[in-house]
Amino acid sequence: MKDTLARLSQSFGPSGREEEIRTQLTKELAALDKNLAIRTDALGNLIATKPGDEKRLLLAAHMDEIALLVTHIDDLGFLRFSPVGGHDPRLLLGARVIFANGTMGTIGREELKDKEDLKLDKLFIDIGASSRAEAEENCPIGSMAVFAPHFSTQGSRIMAKALDNRAGCTVLLEVIRNLPPVDYQIDFVFTVQEEVGLRGARTAAYQLQPHLAVAVDVTRTGDTPEAPVMAVELGKGPAIKVKDRSFISHPRVKDLLEETARSQDIPYQLEILERGGTDAGSIHLTREGIPTGVISIPTRYIHSPAEIIDYRDLKNAALLLCSFLQHKDLFSSL
Amino acid sequence: MLGIFSRGQQKLKGMEKTTNTKEDKSLEYLDLLRRLSQEQGVSGREAKVAESLLKTLHPLVDEVERDRLGNVIAHKKGEGPDPHPRVMLAAHMDEIGLMVTQILEGGFLRFTPVGGIDLRTLPGQEVLIHGLSPLRGVIGAKPPHLQEPGERKKAIPGDELYIDTGYSKKEELEEMVPLGTMVTIERDLQLLANDLVAGKALDNRAGVTVLAACFQELTRLKHRADVYGVATVQEEVGVRGAMVSSYGLAPDLAVVIDVCHGDMPGVAEDEGFPLGKGPALGLGPHVHPRLFTTLKETAQEIGVPYQVEPSPTPAGTDAWAIQIAREGIPTALVSLPLRYMHTAVETLSLKDLKETGRLLAAFIQGLEPAFVEGLSCY
């Protein structure tokens, strides 16, 4: 699982430009299970279907990551950018970024009178170019950069870029690897454009029309020095979401997830995320409404160049989802 | 009063004249409003209020059920030959509230708002915590004597508020109050002068009461339209129940019943509507002009007072979601003027409530297939 996560997290996949990560995921899927029907839809969602009877369940993990979009190149070859997804200028300053073609850049800032003035429009990417032409050739306007890849471990902890949400993608792959046969159909969806408004999940749910859905994503923690209040910690188990800004969990789906965790002795936490949303936000409002739940992997420093998770939470998230899918009352109790 | 009618008795009622119900019967819906106001139903956890409503609506309609997201959908069939215009009435049944986010050492509960609750009005409130079994609590505040200079002039920030249940051990509460437990304000409905009532969650249990009142009126009237009354979920967190129920029903037209701001000191005349002067008919891009006109003319015909609420923006009601469901649904908005929105003393007029039910029933009575066809001809 760790190796899979290492490969996925270091892949390039900004929102709207998910080609590389999709290719990587397609390879992983093909190696795992020959019986999966794999396709890409009009928006770029990668859908792997495990056939079954008329009941359908959708599992979603977004494969896109936050990025920077080049908007302007000046005479000296400095690149101005627009954020793709939620960026904090304080976390960008000094970060190393990489473009699809492998060009590296670092982020500098204008001279500021006041530290409070540090806004995104005071920042620029320096790729080392010495002219506009050189910059344009390597990173034309409209190209995107993501945080530079790295992957390291310390005990059970993993540090990397884009664990949001390659961790969720890894959980889905692990479920495919371990799930015993079930009667119903499962659509594993690696969604696009979650970071810019839960967009891929919306169209995927519309076309697949599931009876039940579960999204897997990351969530914040409150376990760092002077952190804002949040009763989620690394290493205490996957979090079962109660609420975020986009979504209030279906009471029965949430209860089923909790029941599963308790009966299988899987540690879990309950998550109330006061900011942010997940794919579940658009999935549950699709068509006549879809009962939906969320399993979250506790993650520190989300949307920074170095996010940290605990490997045990990742494993337990996969275990929880796998056990949940085998629950005998899955559809009848909704 | 609604609950005690059987269908047979309603038919007898239909023999009476319905025109002079205005003065003597404005208290008719007080008991229902009281019951609905007191029920718990914070956005996303509406099971209790839905259960109560199912019982209320059951004798008034042909069928009533909950959909996959929990919306209560009551269907009363139209009479006469096909086709039957399909009209959706929507009133959200969820209420704003609080959600427990953390249990502190010493037994205090931290919370986050669900919906746009006015945090400044929370200190001093009694609350009900809907954990494994209901638990009482209070939201306290540091006494004036102990406040730092200047502290008294400011509202307490939301993340410094907490609930006191009397329990002193974190472990005890952890068993009874799982994180994510909903909390509602404890408040009895008060009858004020001039048929005004004050209480919690009148936004929008008053609208739901109008829905029931409309069905009650319809039992005495002949109508060709198939009527779908929907008590929607999760309006306060983003008009979510309306989005999926309107998709599912695909009605020909919809009327949303919600509340608008009442007149009160400190609020400009054009921002607050007087109480007791009838419902406010929404007018703006989110409202189909012909539905507005027809509602207005119906009100004039049957002598229901009304006001006009022009709004350039969708004003955050279910109408916003319904109008753009599927291929688009002609939608109207009817609002009850209400003072002190999103506090525990929301105040409105029972007269307005009753009159709105009457207006909607008369509007539905007049719905013919030709009118529905005309809605797409501008």
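The values are calculated or read from the model by the stated rules, or taken from the named source; none is laboratory data. Values in this document were obtained by computation on a predicted structure and should not be read as measured data. Heads up, the Cβs are rebuilt from the backbone with ideal geometry, glycines too, and the neighbour counts pull from every protein chain shown. The accessibility values were calculated without ligands, DNA or RNA, using every heavy atom of the protein model including side chains. Shrake-Rupley method; radii C 1.70, N 1.55, O 1.52, S 1.80 Å.
At a glance:
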| item | result |
| --- | --- |
| Peptide A:241-248, shielding by other chains (average Cβ, 10 Å cutoff) | 6 |
| Net charge of Cβ neighbours under 12 Å - reference residue A:122; Lys, Arg +1; Asp, Glu -1 | 0 |
| Computed FRET value (nearest 0.05) for residue B:371 with residue A:42, which takes r as the C-beta separation and R₀ as 30 Å | 0.20 |
| Chain B: antiparallel DSSP beta bridges as a percent of all, rounded to 5 | 60 |
| Of A:113/B:142; A:241/B:169; B:153/B:354; A:254/B:169; A:243/A:328, those spanning more than 31 Å from alpha-carbon to alpha-carbon | A:113/B:142; B:153/B:354 |
| Projected-area mean, the stretch B:176-240, by convex hull of Cα positions, square nanometres | 7.7 |
| Theoretical FRET efficiency, 1/(1+(r/R0)^6), r = Cβ-Cβ of residue A:101 and residue A:274, R0 45 Å, to 0.05 | 0.70 |
| Selected from A:256, A:163, A:59 as most flexible by GNM, with chain A as the system and alpha-carbon contacts under 10 Å | A:256 |
| For chain A: relative contact order, % (alpha-carbon pairs under 8 angstrom, 6 or more apart) | 22 |
| Full-stretch length increase - residue A:75, residue A:312 - with 0.36 nm per residue and alpha-carbon distance subtracted | 80.4 nm |
| Highest-MSF residue in chain A out of A:146, A:294, A:229 [GNM, Cα springs under 10 Å] | A:229 |
| Sequence-distant lysines (8 or more away, or on other chains) whose Cα lies within less than 20 Å of residue A:2 | A:27, A:161, A:236, A:315 |
| Tilt relative to chain A, helix A:311-325 - C-alpha long axis, 0 to 90 degrees, to 10 | 40 |
| Dimensionless Rg/Rh of the stretch B:97-185 - Kirkwood Rh, Rg from C-alpha atoms | 0.97 |
| Two-site FRET efficiency, residue B:147 against residue B:79, from Cβ-Cβ distance with R₀ of 56 Å, rounded to 0.05 | 0.25 |
| Alpha-carbon gyration tensor eigenvalues x 5, square-rooted, for the stretch A:96-206, Å | 37, 18, 16 |
| In Å², nearest 10: area of residue B:326 left accessible to a 1.4 Å probe | 110 |
| Chain A: calculated mean residue ellipticity at 222 nm from DSSP helix runs of at least 4, using -39500 (n - 2.57) | -8000 deg cm²/dmol |
| Sequence of B:341, B:93, A:104, A:144 from largest to smallest accessible area, 1.4 Å probe | A:104, B:341, A:144, B:93 |
| Three-way shape label, chain A, alpha-carbon gyration tensor, a/c 1.5 | prolate |
| Exercise: per-residue mean of other protein chain Cβ atoms within 10 Å, B:99-111 | 2 |
| Cβ-based charge dipole, chain A, positive-most Cα from A:282, A:102, A:261 | A:261 |
| Computed accessible area, residue B:154, all protein chains, 1.4 angstrom probe, square angstrom | 150 |
| Rounded to 10°, Cα long-axis angle of helix A:251-263 versus longest principal axis of chain A | 80 |
| Cα-centred dipole magnitude for the protein assembly as shown, charges only on beta-carbon of K, R (+1) and D, E (-1), debye, nearest 20 | 980 |
| Shape of the stretch B:196-334, Cα gyration tensor, a/c cut at 1.5 | rounded |
| Cβ-defined net charge surrounding residue A:160, 14 Å radius [Lys, Arg +1; Asp, Glu -1] | +2 |
| Three-way shape label, the stretch B:235-307, alpha-carbon gyration tensor, a/c 1.5 | oblate |
| Gain in span if fully extended, residue A:226 to residue A:334, counting 0.36 nm per residue against the direct Cα distance | 34.8 nm |
| Distance in nm between pseudo-label sites at residue B:58 and residue A:154 (7 Å out along the Cβ direction from Cα) | 6.1 |
| Along principal axes, Cα extents of the stretch A:74-137, largest first, whole Å | 34, 24, 16 |
| Virtual paramagnetic centre 7 Å along Cα→Cβ of residue A:259, amide N under 19 Å, in the stretch A:276-306 | A:291-295 |
| Helix B:240-249 axis, angle to chain B major axis (alpha carbon atoms, nearest 10°) | 30 |
| More than 52 angstrom apart: percent of Cα pairs within the protein assembly as shown | 17 |
| Under 15 Å, Cβ to Cβ, from residue B:147 - net charge with Lys/Arg +1 and Asp/Glu -1 | +1 |
| Residue B:75 - accessible surface, heavy atoms, 1.4 Å probe, Å² rounded to 10 | 20 |
| Ratio of the Cα radius of gyration of chain B to 2.2 N^0.38 Å, where N counts its residues | 1.02 |
| For chain B, calculated [θ]222 nm from helices alone, where every DSSP H run of n ≥ 4 adds -39500 (n - 2.57) | -8000 deg cm²/dmol |
| Modelled label reach - residue A:31, point 7 Å along Cα→Cβ, the stretch A:296-325 residues with backbone N closer than 20 Å | A:315, A:318 |
